[in-house]
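Some notes on the structure that comes next.
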Amino acid sequence: MNVYEILKKADDGNYALGAFNCANIETFKAITNAAKKLKSPILIEASDGEVTYIGYKQMVALKQIYMEETGVPIILNLDHGKDFESCKRAIEAGFDYVHIDASKSSFEDALREAAEVVKLAHKHGIPVEGEIDHIEGSSADHRSEDPTRLQDPKLFTDPERAREFVEKTGVDVFASFVGNLHGIYASNMHLNLDLLKKIKATIPDTFLSLHGGSGIFDEDVRQAVTMGIVKVNVNSEMRIAFKMSLQELLNSTNEVAVYKIMDKPIEAVQKVVEYKIGLFGSTGKA
Ligand code: G3H
């Protein structure tokens, strides 16, 4: 499996790969069921918190087994790696892709940290995604909040700074902030698509990823994909589907053999993943 080729194919074919967060076996099943059914390449990803819970090596082993079983390419990504050490741990454990989130660092520190990650990752043939503009919100249920209060254009990606970051570090994928928030809000969000177009024109040879794939208007996502987004991260909608389905079940059954009741939460998450794969256009691209 050559991850660069998979990204390039998506870029050339005007579709994006869904990058789905995962921290338990049920979510693994839900994502891989959907990918197999729709014959779609996918990324399965875990943040520092998620991977610490499930285990680095466990994640790598599960990915390998499910990839063999489903026959679709599965790229394993460290999502929002917080520093060089965390990316190094993932690379050495056998991850296929790492995301260094340097958005909390000064620009100079971000350049240094990302360049260091790129050096190590490229030695292992692994692409690196970089982030310098903090993508606001969190992967949670914010349905009582107005999203626009977090969509401050002053915090959005500056294309020239993105160019300097990409040129000086050699990252392969750039995660921009163009109004995409982490989480679900009182209303769906619009993206600043003009800014996204400018970013693509400024760094045309760098792949672009879109974080905060929950709760964005579908039409904005479709347009972003035609403008060069090759990867869309999704977490909150899956988390909420899982929790709501599980809560409903637990309130209505006395069953204590938990494995006997997990079908419903798995189906609920799978439904979200199938919908997103269709939206991103990667159905049948495996
Ligand atoms: O990296 C993960 C994501 O960007 C998930 O965003 O929780 O809004 O779907 P989301």
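Read-outs: derived from the displayed coordinates by stated rules, not from any lab. Nothing here was measured: the structure is a model prediction, and the numbers come from that model. Please note: Cβ atoms are built from the backbone with ideal geometry, for glycine as well, and neighbour counts cover all protein chains shown.
Screening Ala162 on (1) in contact with a strand residue (DSSP E or B) (Cβ under 8 Å, 6 or more places away or on another chain); (2) within 16 Å of the ligand (Cβ to nearest atom) shows it passes everything except condition (2). With respect to Ile54, is the statement that it is within 16 Å of the ligand (Cβ to nearest atom), in contact (Cβ under 8 Å) with a residue 40 or more places away in the chain and not acidic (Asp, Glu) true? Here the answer is no, as Ile54 does not meet what is asked.
Of all the residues in segment 11-31, those that are crowded, with 20+ Cβ neighbours inside 10 Å, of a type in the set (S, T, N, Q) and within 24 Å of Val173 (Cα to Cα) number 1. Against the list (1) more than 16 Å from the chain's Cα centre (by Cα); (2) under 24 Å from Ile240 (Cα atoms); (3) surrounded by 17 or more Cβ atoms within 10 Å (Cβ to Cβ), the condition Met67 fails is (2).
Just one of (1) within 28 Å of the chain's Cα centre (by Cα); (2) more than 23 Å from Ala23 (Cα to Cα) fails for Asn251. It is (1). Filtered by the rule that a residue be of a type in the set (Gly, Ala, Ser) and surrounded by fewer than 19 Cβ atoms within 10 Å (Cβ to Cβ), segment 83-114 gives Ala93, Gly94, Ser103, Ser105, Ser106. Counting only residues that are farther than 22 Å from Leu196 by Cα, give me the strands (runs of 3 or more DSSP E) lying completely in segment 65-172 with at least 1 of them. Strands (runs of 3 or more DSSP E) meeting the threshold: 74-81, 97-101, 137-142. Looking only at residues in segment 228-243 that are within 8 Å of the ligand (Cβ to nearest atom) and among the hydrophobic types (A, V, I, L, M, F, W, C), the one that is surrounded by the most Cβ atoms within 10 Å (Cβ to Cβ) is Val234.
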